[in-house]
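S.K.: Have a look at the structure that comes next, please.
The values are calculated or read from the model by the stated rules, or taken from the named source; none is laboratory data. Here the structure is a predicted model, which is why all the values come from computation and not from measurement. Ideal geometry is used to build each Cβ from the backbone, glycine not excepted, and the neighbour counts take in all protein chains shown. Areas reflect the complete protein model, heavy atoms only, side chains present, ligands, DNA and RNA absent. Shrake-Rupley method; radii C 1.70, N 1.55, O 1.52, S 1.80 Å.
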Amino acid sequence: MRVLLLLLVCISCTCHAFSPLSAPTRRTSQALSLSPPSYQALVEKLPSQTVINVVEQSPQKVIAADVAASAGVSLSKAAQDLTALASLSQGDIAVSTEGDLIYSFPPNLSSVLKQNSLKFKTQQALLKIWPTLFYVIRVSFGLVLLASLAAIFSTILFLSSSSSSDSDNDRRRDNRSMGGFGGGFWGPSPFDFLYYRPYYGGYYGTTAVRDPEEMGFLESVFSYIFGDGNPNEGLEERRLSLVANMIRDNQGSVTAEQLAPYCDDAPPPNPNADLQAYVDESFVLPIVSQLNGEPRVTEDGDIVYVFPELQQSVASTTTRPKPSNMSSEASILSRAGLRKNASAGEVQQLLNLNGISTRGVYEKKDLIGLLEQALPPLTEREKAGLQMDDPTMLQEREYEFSLANSFNRFLAGGLGIVNLFGALYLGNMLSTYAMYGVRLPSYFGLVQAGFPLLLSYAVLFNVIPLVRSLWIKTENEKIRRRNETRRKWKDLLDRNVFGNLGRKLKAARKMGTKMKRLGTSEEEIIFDTKQSMEQMEKVKAERALDEFDKLLEKEEKPFE
């Protein structure tokens, strides 16, 4: 396989000598972007799981452009992953007359990878056990909090009890003061509820039975401290996938204004954009570079970005997801607790159960209209969810402090504050014993030795959520601004534009090219790893003779 890969590189480079003279720039850029990494790099690094999933769901043949548009990765990343995947799975690679690489993989790709790659097999095993392992990690934070509370307040009780038996009058007076605290702690005080927590066990058990999807208290402690991860996981992949498909819809030629709804650093559109073209287009450079775009200057001095490599495909059709009617139908059913494809009978049954008359209403569309009127107004989270459901828009979700319910958040925060004050109070008591070099017996000696850790944990338990809350507030403000800017650009492009912007869009359409289908004919394939060495030599010789005959015909024509 190593020899075949090296041979492929040589053929891919030399076949450009037979390419049409009208496209040297395009082929040069592709040769640079599709150059495979070294063999050692292929062995050490596995392809991304996203690329593997796309290949498994694709037809038998794929190219880098199709994978990049579906997986949301750069063209260079797609080419590298496909080459690595072909090496690990013993897939086949074909080279067209213009140097395009066409990959073929076995249908049972994951099974083949598990057999050939111990690293991939281990990775898949870890992916299966990770949810359980992560659940244990989340629960452990709640257990640590309870253990810290038990250690701190049991030690406080022990010290208070032992101090009360001292015969010294001054110490006895002090002990009465501490004994009052201890009596208040075990009597009617807020600490009594928080320390015993008899309701905690019942609450957790009741919650688990009532709603399995609801987060329990032990998990809520982790959520309160660290949050619940990035709500925009996979945003970059979604961005590149949307952009690549939008570019293909526009025949591989777009303007900076068309790329703006998918960029992070795009400024708000100019209110007079119809009359004045935008000047600073640096915000599109990250996308243009990842998809191997080329800036072209029009006759009017405008810049249009063309993506010739995206205008290649082995699929029979390349369609971009269209806006759905999620806000009017499927989302309404989902909000009501029904399936997105629920039947009219199910909708009618739900309305009747809630005392809403459906007399004379039989069509599903009309029943959904009644259901929409009965539902409460959309919350901010639901509105953001509707925008995220639009397959043609790039919208970021805002960070939430915690996905746990309000009671669990309040309980975790309250216990964290109690734990901190308890640690500070215990530190004051232990400092008195430290002055006399007294070491507590048995279990309480361990608490005394580990007190710095208990105090650090108590401080960090309260500091981390506070800092994270401030960071979330700042980050969400940035997200809202970016989302608003993207919506403004999309609204601008959705209406009929004139002036300079309209002229740019028209020029971009003129520069567009039709999608080029690869692998449709065996004649355009000059090399295929499926073929034997003898067959390859034979095909190579036939190609050379054909090219020689064509050159002879060109030379003979002037003399006719």
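S.K.: log10 I(q)/I(0), Debye, Cα-only segment 62-143, no solvent, q = 0.17, 0.26 Å⁻¹?
M.R.: -0.79, -1.20
S.K.: Can you tell me the FRET efficiency between VAL139 and ASN108 if r is taken as the Cβ-Cβ distance and R0 is 41 Å, rounded to the nearest 0.05? Working shown, then result.
M.R.: Numbers: r = 37 Å, r/R0 = 0.90.
According to the calculation, E is roughly 0.65.
S.K.: Given the peptides 234-245, 473-484, arrange them by the average over their residues of other C-beta atoms within 10 Å, most packed first. Don't jump to the answer; show the numbers that get you there.
M.R.: Details: 234-245: 19.7, 473-484: 13.4.
Most protected by this proxy first, the peptides run 234-245, 473-484.
S.K.: Per residue, how much accessible surface does segment 54-164 expose to a 1.4 Å probe? Answer in Å², no decimals. All intermediate terms of the calculation are to be shown ahead of the outcome.
M.R.: Numbers: 4690 Å² over 111 residues.
Per-residue accessible area for segment 54-164 comes out at 42 Å².
S.K.: Then there's this: Could you give the spread of the C-alpha atoms of segment 415-521 along their three principal axes, from largest to smallest, in whole angstroms?
M.R.: The principal-axis extents, from largest down, are 89, 44, 20 Å.
S.K.: If LYS121, LYS364 are ordered by their accessible area, calculated over protein heavy atoms with a 1.4 Å probe, which sequence runs from highest to lowest? Intermediate results must be reported in sequence, preceding the final value.
M.R.: Details: LYS121 115, LYS364 70 Å².
The most accessible residue leads, giving LYS121, LYS364.
S.K.: Using amide H atoms built in the peptide plane, which far-off residues or other-chain residues are under 5 Å from GLN312 H to H?
M.R.: Amide H to amide H, under 5 Å and 5 or more residues apart or across chains, GLN312 pairs with LYS516.
S.K.: Same structure again: Ordering TYR425, TYR224 from largest to smallest accessible area (1.4 angstrom probe), what's the sequence?
M.R.: Working: TYR425 60, TYR224 40 Å².
Output order, biggest surface exposure first: TYR425, TYR224.
S.K.: Could you grab the relative contact order for segment 48-119? Cα pairs under 8 Å, six or more apart, rounded to a whole percent. Walk me through the numbers on the way to the answer.
M.R.: On the way: 79 pairs, mean separation 22.1, N = 72.
Reported as a whole number, the value is 31 percent.
S.K.: Can you run phi through the Karplus equation (6.51, -1.76, 1.60; θ = phi - 60°) for segment 238-245 and list ³J(HN,Hα) in whole Hz, with x for Gly and Pro?
M.R.: Rounded to whole hertz, the list is 5, 4, 5, 5, 5, 5, 4, 6.
S.K.: What length, rounded to one decimal in nm, is gained on full extension from LYS340 through to ASP264, with 0.36 nm per residue of separation minus their alpha-carbon distance?
M.R.: Values: separation 76, 0.36 × 76 = 27.36 nm, distance 3.19 nm.
Contour length minus the Cα-Cα distance gives 24.2 nm.
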